[in-house]
Amino acid sequence: MASNDKHSPHALVVDDEPDIRELLEITLSRMGIDTHSAADLGEARHLLAEHDFDICLTDMKLPDGNGIELVRHISQHHARLPVAMITAHGNMESAIEALKAGAFDFVSKPVDLGVLRSLVKTALRLSAESEAPPGPAAQRLLGSSAAMERTRRTIDKLARSQAPVFIHGESGTGKELVARLIHERGPRAGNAFVPVNCGAIPTELMESEFFGHRKGSFSGATEDKAGLFQAADGGTLFLDEVADLPLHMQVKLLRAIQEKAVRPVGAQEEVRVDVRILSATHKDLPAMVEAGEFRQDLFYRINVIGVEVPSLRERREDLPELVDHFLARIAADWGVDKPKLSPAASAALADYPFPGNVRELENILERAMTLCENDTIEPADLQLPENVAMDTERGAAQLEPYLDQKEREAIVRALEQTRYNKTAAAKLLGITLRALRYRMEKLGIE
């Protein structure tokens, strides 16, 4: 069933059931999409060789093979073509296998036409925007090391899929930034990116926060409220520190992801949501699965594709670029001249293991700018702790309070010496009044 408009998008439908093919053709035709159909793998490969398509929809079971083979063929020979798998209802194993093979997304039988239309629109945006320039986050992912180049290539590849992505890395490596980039480089970029720290939501409020609630559903529910899934509808939901979800919530989350629907607290009906799930943690999730602390079926569902964010120790050659970027940004924020690092300070940073990674580097430089004199940062200004243990998770967690305390002591001492004259205290510390006010507010000094 084809339209004659040469500008209309082209779709390839692969299914051996004439009724399904006709249903898909009619649906796509009403969306202004020109369709070609194939009943088996051989015919599909022939059409792919003859025509340029913007989307492919394929059934899992075909007379001469299965849809996974077609997904692999398209990934290899037509890498820019989004292909979606049509799977039997409830067969998540097939859906996940298809996503791992390179499928853009999947839709279950019986095909919900609303879900199908949404999937097709997203795929067509992907075709249209495949050569789009990098978004603002691309410029924020700094570093020219081989490790960072690998990470950028992986991000570009993941942005073209709708598969759930599990982002793993130490604290402070920039996992949320990677998630934002995957969102910004993909077809959902025009819709919401909703980050949520799973460890920061009180257990009793979790269901309402994630799925929303109806007025009167519990004490204090004075009006209807949409949840995080509804807020991310059409976009991306980033579950940071997903390992912190309690087991009862893991069950509900798994159902929401599989059914692509949520039930607000106090509601009778489910609400359809079209959300891509990205998740992250610095914890060892496979070990938690082994220990029974995290559901294996949920891990299997969110870890369809994984990406490792390298630690700062694995890309030390990026340190000078990162230092220069942070010093320039902090100086601009404070309205002061950008300081320079003395050779000894540069050497001290080069030798430091950075248990808190890029976030720790930023904090160290911010602190050093508060303490340095004559626009030159010396090793003493960095206040690097000695004997930092790298083999415990506590190392990074204990570091920030230690450095904050040292800086607080220096500022309070300067304020006492100057009888709380902030202008004089700033001069004594060798920083601007504006920088002193900023640090006092950040450290909670009255």
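The values are calculated or read from the model by the stated rules, or taken from the named source; none is laboratory data. The structure displayed is predicted, hence computed values, not measured ones. Heads up, the Cβs are rebuilt from the backbone with ideal geometry, glycines too, and the neighbour counts pull from every protein chain shown. Remember, those area values only see protein heavy atoms, side chains included, never the ligands or the DNA or RNA. Shrake-Rupley method; radii C 1.70, N 1.55, O 1.52, S 1.80 Å.
Brief remarks on what is shown
- Potential lengthening of the chain between Arg152 and Ala291 amounts to 46.7 nm, from the contour at 0.36 nm per residue minus the alpha-carbon distance.
- By a 1.4 Å probe calculation restricted to protein chains, Glu93 has an accessible surface near 110 Å², given to the nearest 10.
- With the convex hull constructed from alpha-carbon coordinates only, segment 153-203 shows a mean projected area of 4.4 nm² over all directions.
- Summed side-chain charge close to Ile305 - residues other than Ile305 whose Cβ falls under 10 Å, Lys, Arg +1, Asp, Glu -1: +2
- Estimated FRET transfer efficiency (Ala424, Asp351; beta-carbon r; R0 35 Å; 0.05): 0.45
- Candidates Ala49, Ala88, Ala101: whichever shows maximal mean-square fluctuation once the chain is modelled as a Gaussian network with Cα springs under 10 Å: Ala49
- From phi via Karplus (6.51, -1.76, 1.60), per-residue ³J(HN,Hα) for segment 117-123 in Hz, x at Gly/Pro: 4, 5, 4, 5, 4, 5, 5
- Anchor Lys427: aspartates and glutamates whose Cα lies under 14 Å away (excluding residues fewer than 8 positions away in-chain): Glu373, Asp375, Glu416
- Backbone HN-Hα couplings from phi across segment 212-220 [Karplus 6.51/-1.76/1.60, Hz, Gly and Pro as x]: x, 8, 9, 3, x, 6, 7, 5, x
- For Ser37, the residues 5 or more places off, or on other chains, whose built amide H falls under 5 Å of its own are Val13.
- Between Ala221 and Ala49, the contour length at 0.36 nm per residue exceeds the Cα-Cα span by 56.1 nm.
- Antiparallel DSSP beta bridges within the chain, percent to nearest 5: 15 percent
- When only alpha carbons are used to place a centre, segment 333-380 and segment 8-27 end up 60 Å from one another.
- Over all pairs of different C-alpha atoms, segment 257-335 has a mean inverse distance whose reciprocal, the Kirkwood radius, equals 17.2 Å.
- Excluding same-chain neighbours fewer than eight residues apart, the lysines reachable from Lys215 by a Cα-Cα span under 29 Å are Lys225, Lys252, Lys260.
- From phi via Karplus (6.51, -1.76, 1.60), per-residue ³J(HN,Hα) for segment 252-257 in Hz, x at Gly/Pro: 5, 5, 4, 5, 4, 5
- Cα→Cβ-extended label distance, 7 Å offset, between Glu69 and Glu269, nm: 4.3 nm
- Of all accessible heavy-atom area on the chain, the percent that carbon and sulfur account for (1.4 Å): 48 percent
- For Lys61, the aspartates and glutamates whose Cα falls under 13 Å of its own Cα, not counting residues fewer than eight places away in the same chain, are Asp15, Asp16, Glu17, Asp40, Glu69.
- Mean residue ellipticity (222 nm) of the chain, computed from DSSP H runs ≥ 4 via -39,500 (n - 2.57), nearest 500: -14000 deg cm²/dmol
- Counting only protein heavy atoms and using a 1.4 Å probe, the accessible area of Tyr420 comes to about 140 Å².
- Solvent-free Debye calculation, one equal scatterer per alpha-carbon of segment 55-124: log10 I(q)/I(0) at 0.20, 0.22, 0.24, 0.27 Å⁻¹ equals -0.75, -0.91, -1.07, -1.29.
- Heavy-atom accessible area, probed at 1.4 angstrom with all protein chains present, ranks Lys427, Lys175, Lys406, Lys260 as Lys427, Lys406, Lys260, Lys175, highest first.
- For Leu341, the residues whose modelled amide H falls within less than 5 Å of its own, excluding neighbours fewer than 5 places apart on the same chain, are Ile377.
- Selection from Gly169, Met60, Leu415, by position along the positive dipole direction of the chain (Cβ): Leu415
- Full extension of the chain between Val336 and Arg255 yields a length gain of 23.9 nm, computed as 0.36 nm times the residue separation minus the alpha carbon distance.
- About the Cα centre, charge dipole magnitude for the chain (Lys/Arg +1, Asp/Glu -1 at Cβ), debye: 1080 debye
- C-alpha center-to-center spacing [segment 252-304, segment 157-185] in angstrom: 17 Å
- Taken per residue, the accessible surface of the chain reaches 48 Å², heavy atoms only and a 1.4 Å probe.
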